[in-house]
Amino acid sequence: MWTLALPAGAQSATSRTIVVLGDSLSAGYGIKVQEGWVNLLAQRLTTEGYGYKVVNASVSGETTQGGVSRLPRVLELHKPEIVIVELGGNDGLRGLPLAASRENLQRAIKLAQNARAKVLLVGMMIPPNYGQRYGQEFREIFASLAKANTIPLVPFLLDEVALKSDLMQDDGIHANARGQPRMLDNVWPRLKTLLVAPGKPNR
């Protein structure tokens with residue numbers, strides 16, 4: 001289920017759109033939708049005067065394969081100026097082949113770019129019990145794709161969150177409501193480089 005993340009009182013009609021293509025970390029698993037970092041992003045964009053709406057096309061349990069298969073329809077419907085790709089965590093947790101995950105993410109990036117959207121890639125890490133080599137190679141997927149495609153990278157969405165029990169849900173995988181603002185703070189500096197300054201005319 002896709003949601004339009006707009007803060008209370010915000011105008012729903014705006015010319016610029018940001019799509020978040022993610023999994024449960026962006027879909028707001030285990031918390032109220034309005035508490036999630038994607039909704040907090042919509043609020044910050046409005047507060048700071050940016051003319052963007054945010055479409056949350058995230059689905060809990062999504063893999064890179066599922067995300068890239070949905071992306072063409074998302075691009076067609078919303079014609080975003082920016083696509084935030086936050087996928088891969090479920091691939092890692094399931095121990096899926098890294099080559100396939102990398103290929104799917106590359107396809108997602110190219111699909112978005114071919115639709116004239118800017119791309120922000122969000123990186124992920126997996127628990128150490130999956131083995132040092134697998135974990136390292138998994139983490140390097142995101143850095144190498146960002147470099148190869150010359151796009152900004154958020155190295156780790158749960159940076160300064162994942163190891164803090166007061167910011168995490170009991171499953172140890174998803175941030176609770178208190179951890180969501182920190183997740184947004186991890187995304188914001190990289191995203192801001194792609195935003196059109198407030199007051200600048202639309203293309």
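Each row is one residue, and each column tells you yes or no for (1) closer than 24 Å to residue 125 by Cβ; (2) modelled with pLDDT under 95; (3) assigned to a helix (DSSP H, G or I); (4) aliphatic (A, V, I, L, M).
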| position | (1), (2), (3), (4) |
| --- | --- |
| 8 | no, yes, no, yes |
| 30 | yes, no, no, no |
| 61 | yes, no, no, no |
| 65 | yes, no, yes, no |
Please go through (1) in a loop (DSSP other than H, G, I, E, B); (2) within 23 Å of residue 54 (Cα to Cα) for residue 189 and return the number of the only condition it doesn't satisfy.
(1)
Taking the criterion of being in contact with a helix residue (DSSP H, G or I) (Cβ under 8 Å, 6 or more places away or on another chain), outside any strand (DSSP E or B), hydroxyl-bearing (Ser, Thr, Tyr) and at pLDDT 95 or above, would at least one residue in the range 69-80 satisfy it?
no
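One line per residue, one yes/no per condition, for (1) in contact with an Asp or Glu (Cβ under 7 Å, 6 or more places away or on another chain); (2) among the β-branched types (Val, Ile, Thr):
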| site | (1), (2) |
| --- | --- |
| 38 | no, yes |
| 72 | no, no |
| 76 | no, no |
| 89 | yes, no |
| 96 | no, no |
| 100 | no, no |
| 103 | no, no |
So the check is Cβ under 7 Å with 6+ separation or different chains; which pairs have a first residue in the range 155-174 that's under 14 Å from residue 89 (Cβ atoms) and a second one that's open to solvent by 40 Å² or more (accessible area, probe 1.4 Å) and outside any loop (DSSP other than H, G, I, E, B)?
161/182
What single numbered condition from (1) modelled with pLDDT of 95 or more; (2) surrounded by 15 or more Cβ atoms within 10 Å (Cβ to Cβ); (3) of a type in the set (Val, Ile, Thr) fails to hold for residue 150?
(2)
Please find, among 58, 101, the residue that is farther than 24 Å from residue 179 by Cα, out of contact with any Phe, Trp or Tyr (no Cβ under 7 Å at 6 or more places or on another chain) and crowded, with 19+ Cβ neighbours inside 10 Å.
101
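The values are calculated or read from the model by the stated rules, or taken from the named source; none is laboratory data. As the structure is a computational prediction, the values presented were derived from the model and not from experiment. Positions of Cβ are backbone-derived with ideal geometry, glycine not excepted, and every protein chain shown enters the neighbour counts. Accessible surface areas use protein heavy atoms only, side chains included; no ligands, DNA or RNA. Shrake-Rupley method; radii C 1.70, N 1.55, O 1.52, S 1.80 Å.
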